[in-house]
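Quick notes on the structure that follows.
The values are calculated or read from the model by the stated rules, or taken from the named source; none is laboratory data. All figures in this text were calculated on a predicted structure; none of them were measured in a lab. FYI the Cβ positions are ideal-geometry reconstructions off the backbone, even for glycines, and counts take in every protein chain you see.
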Amino acid sequence: MRQSFSDVSRIESFFDKARPARRLLVLDLGFLGDTVHLIPALWEIRRAWPQAELHVMVADHVTQLLSLTPWVDKVWGYPRFPKGPKPWQDFGRVRALRNASFDVVINLNGSDRSSLLTWLSGAPLRLGRRPQDGGPLHWSLQFTHTVDHPYHGMPVYEQRWNCLRLAGIPCGEKPEFRTEISSAARRKAGITAEDDGHYIHISPFTTQDHKELPEEELVALISLIQNPPLEAQTRPHRVILSCAPSRRELDKMARLVKALAEAPWKVFPGSLDILALSSVLAGAFSHFGGDSGALHLALMSDIPTVSWFRQYDGMKDWMPNGQLHRSVIGLESGATGISGISGQALFSQWDNLPKRLPA
């Protein structure tokens, strides 16, 4: 009998049945932000099944991220970028999934393709999160157990962590980004141990113009960090800029650097992969950026952030919360970027942030 759980008080939970599992797969085909936000749920699954083999399937262009979670036994890549496969092109992957003989598959993504793969895996226990729109009529038939949890209103990592609790899986007091980030990549990038904690990382661009700040506000923000008012001079003023290797962002970076009165301490124009960027972020005093992958990596790295968002329904899914984080919300104004957010306003938010909370 299929069961849907919306309350931890249910007599029989998914975990009651799944506890003896020896091989589990967590299936999530999202991009970088989705995979970062999956890590706290993955950690709880690892702790709940300490002796089991834990496998994870994510988009193949972000599998590198999960090398920061050495407690995951195997990572499977799925081709999502720039375009995913046709359903019939999944035959080989489905065969491999079935040959792996998973006891349990957990899928908190709910997309049509990931739900179908969950069913086709042949695992006897399959946990899914009901999509926001309820999914197609046959959606629940692909799972043995489902959870219903509201979308939006809180970061995605908290939503997924709560889904596990609804399924009866024991969780800690709060979600944890349990990762192991090496300093080696930032040493290779010329950032010494003496530099750690003494620079600001800024990711000025996102994947789309309408999610970005106008160039003049970026210039104002960077100038204030580099030459702060007297009362803010105890904070670091060296700036690192980085961006993705796309032609669009590389051209924008060149224009931004040229517009600055003072050159940044370091610029990484598309030269940092996921692991290197995570390492650079982990050594930063704090991070500034828009609604992009770098912001999620900064959240994972447990450094203070100041971010800018345009107003839209799902923004709280991706907006960091807590005492270490500040977000400023503006209005979308097409190709010119976000309006209503000034560099001065962002600097003021940053100047009031603690460096880190006490351990």
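Some notes on this structure:
- Checked across segment 296-314, the condition of being among the polar types (S, T, N, Q), in the same structural domain as Asp196 (by TED's automatic domain parsing) and touching a residue at least 24 places away in the same chain (Cβ under 8 Å) holds for at least one residue.
- Some residue of segment 251-271 being under 30 Å from Glu176 (Cβ atoms) and in contact with an Asp or Glu (Cβ under 8 Å, 6 or more places away or on another chain): no
- Residue in segment 265-272 that is surrounded by fewer than 17 Cβ atoms within 10 Å (Cβ to Cβ), not hydrophobic (A, V, I, L, M, F, W, C) and not assigned by TED's automatic domain parsing to the domain that holds Leu66 present: yes
- For segment 232-247, the tally of residues that are in contact (Cβ under 8 Å) with a residue 12 or more places away in the chain and among the charged types (D, E, K, R) stands at 2.
- Only listed residue being within 22 Å of the chain's Cα centre (by Cα), more than 17 Å from Ala220 (Cα to Cα) and outside any loop (DSSP other than H, G, I, E, B), chosen from Leu353, Leu331, Leu272, Leu281: Leu281
- Any hit, segment 224-232, residues being surrounded by fewer than 20 Cβ atoms within 10 Å (Cβ to Cβ), farther than 29 Å from Glu332 by Cβ, small (Gly, Ala, Ser) and modelled with pLDDT under 95: yes
- Qualifying position, being out of contact with any Asp or Glu (no Cβ under 7 Å at 6 or more places or on another chain), more than 15 Å from Ile240 (Cβ to Cβ) and in the same structural domain as Val239 (by TED's automatic domain parsing), among Leu281, Leu331: Leu331
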